[in-house]
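The values are calculated or read from the model by the stated rules, or taken from the named source; none is laboratory data. For clarity, every value in this text was computed on a predicted model and none was experimentally measured. Positions of Cβ are backbone-derived with ideal geometry, glycine not excepted, and every protein chain shown enters the neighbour counts.
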């Protein structure tokens with residue numbers, strides 16, 4: 001288990017949301033409404049609920065920074081989290097076409113804590129995977145949350161990143177794996193210093209690269225890369241309107257399911 005004082009949160013949110021074909025191309029899918037809040041609000045609230053006090057968000061170019069920041073703070077408050085002890089920072093990725101590996105590279109360069117808990121800005125879970133990952137952590141350079149596919153889920157196998165693992169160690173990872181026994185759920189614990197070094201090496205060699213490319217580079221460098229299974233956790237990667245409709249059906253106000261197991265009332269706060 002990791003001491004929360006040695007841990008910072010990092011959320012990758014610089015994608016184009018192209019599958020949604022929004023009329024206003026400045027609108028981001030992580031602001032899609034979910035109950036009284038939105039997708040990003042619940043993700044930040046889930047991290048905060050574990051005791052993480054510093055969270056950094058890598059986003060694409062922000063047109064109105066103050067308005068954007070206020071909107072994020074309101075989203076978190078509406079999901080029931082007190083903002084008094086939460087420090088949110090924003091990092092602009094001005095070249096999002098370099099893909100999410102580049103966002104990870106930019107984010108890690110701003111983090112000084114020993115460990116980083118990483119997630120995507122469009123993944124929602126029925127349990128607080130962040131707290132469980134922290135509790136399950138055992139001396140790995142990278143620990144990835146995985147779905148062993150024991151139960152039928154809402155995941156899209158064709159689109160998901162596949163993992164082949166044995167005895168808690170990842171052997172291979174990639175979208176095109178033919179032989180795999182798990183799916184990447186998009187939540188990681190990273191040893192910041194080591195993975196920062198790996199991401200810098202990958203960034204210097206590739207124009208476009210993903211988080212999985214950094215994980216593969218870590219595997220090739222003989223780092224300790226492990227997985228933690230979440231067989232009974234419902235999760236969705238909100239890539240398009242179909243997935244968003246599923247999300248709203250699963251996590252509505254009358255459902256027994258709550259995003260990140262957060263069943264809390266909105267908090268009224270002053271943001272500035």
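Just to check your reading of the model, which residue among 44, 39, 91, 81 is within 25 Å of residue 5 (Cβ to Cβ), under 17 Å from the mean Cα position of the chain (by Cα) and surrounded by 22 or more Cβ atoms within 10 Å (Cβ to Cβ)?
44
I'd like to know if region 61-70 contains one or more residues that are at pLDDT below 95 and either surrounded by 20 or more Cβ atoms within 10 Å (Cβ to Cβ) or under 18 Å from residue 190 (Cβ atoms) (or both).
Scanning region 61-70, I find no residue that is at pLDDT below 95 and either surrounded by 20 or more Cβ atoms within 10 Å (Cβ to Cβ) or under 18 Å from residue 190 (Cβ atoms) (or both), so the answer is no.
Need the failing condition index for residue 67 against (1) in a loop (DSSP other than H, G, I, E, B); (2) without any contact (Cβ under 8 Å) to a residue 12 or more places away in the chain, just the number.
The number of the failed condition is (1).
Taking residue 224 as the residue in question, decide whether it is closer than 27 Å to residue 137 by Cβ, out of contact with any helix residue (DSSP H, G or I) (no Cβ under 7 Å at 6 or more places or on another chain) and surrounded by fewer than 17 Cβ atoms within 10 Å (Cβ to Cβ).
Values: closer than 27 Å to residue 137 by Cβ: yes; out of contact with any helix residue (DSSP H, G or I) (no Cβ under 7 Å at 6 or more places or on another chain): yes; surrounded by fewer than 17 Cβ atoms within 10 Å (Cβ to Cβ): yes.
So residue 224 passes the test.
Working only within region 179-214, note down all residues that are surrounded by fewer than 21 Cβ atoms within 10 Å (Cβ to Cβ) and either part of a strand (DSSP E or B) or modelled with pLDDT under 95 (or both).
Result: 191, single match.
How about region 173-192: which of its residues are touching a residue at least 40 places away in the same chain (Cβ under 8 Å) and under 23 Å from residue 105 (Cα atoms)?
Selection gives 173, 174, 184, 185, 186, 187, 188, 189, 190, 191, 192.
Tell me the residue from 127, 152, 140 that is under 30 Å from residue 250 (Cα atoms), part of a loop (DSSP other than H, G, I, E, B) and over 18 Å from the mean Cα position of the chain (by Cα), please.
Numbers: 127 fails: over 18 Å from the mean Cα position of the chain (by Cα); 140 fails: under 30 Å from residue 250 (Cα atoms).
Going through 127, 152, 140 in turn, the sole match is 152.
Restricting to region 44-55, name every residue that is touching a helix residue (DSSP H, G or I) at 6+ places or on another chain (Cβ under 6 Å) and assigned to a helix (DSSP H, G or I).
Listed by number, the residues that qualify are 44, 45, 46, 47.
Cβ-Cβ under 7 Å, sequence separation 6+ or interchain: first residue in region 107-123 and closer than 10 Å to residue 191 by Cα, partner part of a loop (DSSP other than H, G, I, E, B). Which pairs?
What qualifies is 115/2; 117/52.
Evaluate region 26-34: report whether one residue or more is within 17 Å of residue 9 (Cα to Cα), in contact with a helix residue (DSSP H, G or I) (Cβ under 9 Å, 6 or more places away or on another chain) and not in a loop (DSSP other than H, G, I, E, B).
Yes, region 26-34 has at least one match.
Working carefully through the options 58, 76, find the one that is crowded, with 19+ Cβ neighbours inside 10 Å, under 15 Å from residue 41 (Cβ atoms) and touching a helix residue (DSSP H, G or I) at 6+ places or on another chain (Cβ under 9 Å).
Residue meeting the stated conditions: 76.
Take the conditions within 18 Å of residue 211 (Cβ to Cβ), in contact with a helix residue (DSSP H, G or I) (Cβ under 9 Å, 6 or more places away or on another chain) and outside any loop (DSSP other than H, G, I, E, B) and apply them to residue 104. Does it pass?
On the way: within 18 Å of residue 211 (Cβ to Cβ): yes; in contact with a helix residue (DSSP H, G or I) (Cβ under 9 Å, 6 or more places away or on another chain): yes; outside any loop (DSSP other than H, G, I, E, B): yes.
For residue 104, the condition - within 18 Å of residue 211 (Cβ to Cβ), in contact with a helix residue (DSSP H, G or I) (Cβ under 9 Å, 6 or more places away or on another chain) and outside any loop (DSSP other than H, G, I, E, B) - is met.
Taking region 126-155 as the search range and keeping residues that are touching a helix residue (DSSP H, G or I) at 6+ places or on another chain (Cβ under 8 Å) and either surrounded by fewer than 22 Cβ atoms within 10 Å (Cβ to Cβ) or modelled with pLDDT under 95 (or both), which one is farthest from residue 257 (Cα to Cα)?
141
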